[in-house]
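The values are calculated or read from the model by the stated rules, or taken from the named source; none is laboratory data. Since we're looking at a predicted model, the values are computed, not measured. Using ideal geometry, Cβ is built from the backbone for each residue, glycine included, and neighbour counts are taken over all protein chains shown. Remember, those area values only see protein heavy atoms, side chains included, never the ligands or the DNA or RNA. Shrake-Rupley method; radii C 1.70, N 1.55, O 1.52, S 1.80 Å.
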Amino acid sequence: MSVQPDLTTLHDGPAARLALHPLRRELLARLTAPASAAQAARDLGLARQKVNYHLRLLEDAGLVELVEERMVGNCTERVMRSKAKSFVLAPGALGDLAPDPDAIRDRFSAAYLTAVASRAVQDLGELGSAAEAADKKLATLCIETEVRFASPSAQQSFARELASAVRDIAARHHDDRAPGGRRFRFFVGGYPARTPTGDAS
């Protein structure tokens, strides 16, 4: 049995709509561990035929996969599993409604940060799919931290120092003429941290 990915990106609008249906979303969550339609039906208290119908839709869309077939009495039982442990919707699935950072004038707005982050989701989804198809690992880097500022002026000072440091590091390492060089896209963003209750701290 192949290793189940931690996450996969949904690029296709129809597949995303299928996944967002309440019952199918519940099935995808339950099928992070392999199960048959009969098992899922018992867990959900639903008719097996109804669960089978929705599983077929998910399988046709590539959102669940067959793990094994086994005989139970005189019947062949199909054991299914979600294609990944979790899913994320690529902004491109929204077509013309997908956010475009270049179309947002205010570079200090939440809308611009969201659009840039959305572009990263789109790019990583496409690059990840290509890497998986080529049986390669995608080279990525992620740095995450939290900073508690004493005052708005301290926050502004931090932003200036960070921007200056990024410019200096990028200038030292960027080389347009390096043979075989590979471009990477970096972005730095910040927003108020949320508390466990969901409010900004």
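Structural remarks
- Checked against the criterion of being open to solvent by 40 Å² or more (accessible area, probe 1.4 Å) and more than 22 Å from residue 124 (Cβ to Cβ), region 3-11 has no qualifying residue.
- Close Cβ contacts (under 9 Å, 6 or more residues apart or on different chains) running from residues in region 24-36 that are under 14 Å from residue 48 (Cβ atoms) to residues that are surrounded by 15 or more Cβ atoms within 10 Å (Cβ to Cβ) and among the small types (Gly, Ala, Ser) comprise 27/40; 27/82.
- In region 123-141, the residues that are without any contact (Cβ under 8 Å) to a residue 40 or more places away in the chain form Cβ pairs under 8 Å with partners that are part of a helix (DSSP H, G or I), at six or more places apart or across chains, as follows: 137/131; 138/124; 138/127; 138/128; 138/131; 140/124.
- For region 25-39, residues that are more than 11 Å from residue 81 (Cβ to Cβ) and either in contact with a Lys or Arg (Cβ under 8 Å, 6 or more places away or on another chain) or of a type in the set (Ser, Thr, Tyr) (or both) total 2.
- In the set (1) touching a Gly at 6+ places or on another chain (Cβ under 7 Å); (2) exposed (fewer than 12 other Cβ atoms within 10 Å of the Cβ); (3) not charged (D, E, K, R), residue 108 fails one condition alone, (1).
- The numbered conditions (1) in contact with a Lys or Arg (Cβ under 8 Å, 6 or more places away or on another chain); (2) open to solvent by 70 Å² or more (accessible area, probe 1.4 Å); (3) in a loop (DSSP other than H, G, I, E, B) are all true for residue 66 except (3).
- Only one of the listed residues (116, 72) is more than 24 Å from the chain's Cα centre (by Cα) and either open to solvent by less than 80 Å² (accessible area, probe 1.4 Å) or within 22 Å of residue 20 (Cα to Cα) (or both). That residue is 72.
- Per the conditions (1) assigned to a helix (DSSP H, G or I); (2) touching a Leu at 6+ places or on another chain (Cβ under 9 Å); (3) touching a residue at least 24 places away in the same chain (Cβ under 8 Å), the sole criterion not satisfied by residue 190 is (1).
- Considering region 146-198, the residues that are of a type in the set (Ser, Thr, Tyr) and surrounded by 10 or more Cβ atoms within 10 Å (Cβ to Cβ) include one that is nearest to residue 127 (Cα to Cα), namely 191.
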